[in-house]
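Shown next, in structure tokens, is the structure this report addresses.
Every read-out reported here was derived from the displayed coordinates using simple, explicitly stated rules and does not represent laboratory data. Fair warning: this is a prediction, and the values are worked out from it, not measured in the lab. Don't worry about glycine lacking a Cβ; one is built from the backbone with ideal geometry, like all the others, and counts go over all protein chains shown.
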Amino acid sequence: MRKPALRAPRTRSSPRAVRFRGGLHDPRTATVIGRLLGVAVLVCFVTGLFSHVLQEPPGWLATRTPARPVWVFRLTQGLHVATGIAAIPLLLAKLWTVYPRLFEWPPVRGVRHALERISVAVLVAAALLEVFMGLLNTLQWYVWPFSFRQVHWALAWVLAGSLLLHIAVKAPLISAHWRRRSPQTLQLPQESDPDRRSLLLGLGSAVGALTVVSAGQSFPPLRQLTLLAPRHMDHGSQGLPVNRTAAAARISRSQLRDWRLSVRGPRPYTLSLAELRELPQHRVELPIACVEGWSKSARWTGVRLRDLLERAEIPQGASLRVESLQREGAFAVTEMGAQYAQDPLTLLALGLNGEVLNLDHGYPARIIAPGRPGVLQTKWVRQIEVLG
């Protein structure tokens, strides 16, 4: 009877390698995909930072956020959402490339290794939560009990910090496989090169296809190909999509029967809708862009806001508080810096695309200003007052 062969004892210092089929779970593939994912994360972070500052500017920036060019928020938020969607297949491919390392044995080989694994766990969790919460936000589907904006903002910093830490820890490995012809990369099995090229080609095709069928909600040349985006720029009453309807805001025409605009300043006054229509009317073409990623240019008609402020003797450098008839919601009351309030393109709009504003678009009056997020273009305005 043959005796079983003796196995050499496995030392705790030598981790057990786990075999996986396929040859693309290697540092070169992870580095190439990681570069693309890093660019997507950087674009998302910078444009998301800009969006957050526009919506909730710190005191020293409240009067310095840009009103020009008029399409600035349309561009940055469209990039933010499109890049965030493109990051989903990149993130999944990156995780597929490196997931065998999750099964190394022993799972922890010391304090440094434990800290590294914890940092990777934080990075992966933050990345997955950030992109999928952002995707659900574009659908306005909030399945969580907390504030999306606050958690999305906090997670962005967690993701950025953990990513920088991960890059610092893996810098030698990333550097070694950064170039295709580096000595370390040449040591990898050459037969995997065609598979790697196929993987990257398929990944690039997936990213391109997702971008083409979703970016049309903010990029007019692609609007006919908008298949996956939750909004289509040409769908909506008066030629403009609607995020929050009057019914959702609990606004009815019966509430507007005796509506009057109140402007509060050194010389406060009120105006009826008929009196507003008797004032000089101006027409501007401005885009409205929402944080969910869609945007559309439209023709707006109304009274220049600065004319209303001048009548109340509100100083030109003053910031404003704008209140809506809407009683609930994060933006029922908004603040506006002087750079918007005094801009000749900023209107208290009464008309849209040649028609009187309908109820869903803010009848009887709404704010439209250049370079502002859609959530700050207050609808159903009832009062404007100077801050301080």
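For region 298-388, which GluC sites (Glu not before Pro) pass both filters: DSSP loop (anything but H, G, I, E, B) and at most 11 other C-beta atoms within 10 Å?
GLU313, GLU328
With an 8 Å Cα cut-off and a minimum separation of 6 or more residues, compute the relative contact order for region 27-225 in percent.
For region 27-225, the relative contact order is 30 percent.
Highest mean first, how do 170-183, 205-218, 152-165 rank when packing is the count of other Cβ atoms within 10 Å averaged over residues?
The most tightly packed comes first, giving 205-218, 152-165, 170-183.
Taking percent of Cα pairs over 28 Å apart straight from the coordinates, which label in (i) 56; (ii) 49; (iii) 44 is the correct one?
So the structure-derived entry is (i).
Based on the Cβ-Cβ distance from TRP178 to LEU128, what FRET efficiency comes out when R0 is 25 Å, to the nearest 0.05?
Using R0 = 25 Å, I get an efficiency of 0.45.
Suppose the chain between LEU75 and LEU186 were pulled fully straight at 0.36 nm per residue; how much longer would it get relative to their current alpha carbon spacing?
35.8 nm
Can you tally the net charge around ALA341? Count Lys and Arg as +1, Asp and Glu as -1, for every other residue whose Cβ sits under 13 Å from the Cβ of ALA341.
Residues near ALA341 contribute -1 overall.
Order of 28-35, 103-110, 47-54 by packing, highest average Cβ count within 10 Å first?
Sorting 28-35, 103-110, 47-54 by mean packing, highest first, produces 28-35, 47-54, 103-110.
Based on DSSP H runs of at least 4 residues, each adding -39500 (n - 2.57), what is the mean residue ellipticity at 222 nm of the chain after dividing by all its residues, to the nearest 500 deg cm²/dmol?
Mean residue ellipticity, 222 nm, calculated: -13500 deg cm²/dmol.
Sum up the charges of everything whose Cβ sits under 15 Å from the Cβ of LEU91, counting Lys and Arg as +1 and Asp and Glu as -1, but leave LEU91 out.
+1
If the reach is capped at under 12 angstrom between alpha carbons, list the aspartates and glutamates near LYS170, excluding any in the same chain fewer than eight residues apart.
GLU116
Can you give the relative contact order of the chain as a percent, counting alpha carbon pairs under 8 Å and 6+ residues apart?
After rounding, I find 18 percent.
Would you mind counting up the charge near LEU352? Only other residues with Cβ under 12 Å from its Cβ, with Lys and Arg at +1 and Asp and Glu at -1.
In short, +2.
Roughly speaking, what is the stretch gain from LEU42 to ARG101, that is 0.36 nm per residue apart minus the C-alpha to C-alpha distance, in nm to one decimal?
So the chain would gain 18.7 nm between LEU42 and ARG101.
What nm value, rounded to one decimal, do you get for the distance between ALA114 and ILE167 when each label is placed 7 Å out toward the C-beta?
2.9
If you stretched the chain out fully between ASP234 and TYR269, how much longer would it get, using 0.36 nm times the residue separation minus the C-alpha to C-alpha distance?
Between ASP234 and TYR269, full extension yields 8.8 nm more.
Using the alpha carbons of region 244-388, what is the convex hull volume per residue in cubic angstrom, as a whole number?
Per residue, the Cα convex hull of region 244-388 comes to 103 Å³.
What is the Cα centroid distance between region 188-217 and region 66-141, reported in whole angstrom?
Each part reduced to its Cα centre gives a spacing of 18 Å.
Measure out, as a whole number of angstrom, how far apart the alpha-carbon centroids of region 244-260 and region 343-369 sit.
Using only Cα atoms to place each centre, the spacing works out to 15 Å.
Less than 16 Å apart at the alpha-carbon level, and either on another chain or at least 8 residues along: which aspartates and glutamates does that give for LYS94?
Straight-distance partners of LYS94: ASP26, GLU130, ASP195.
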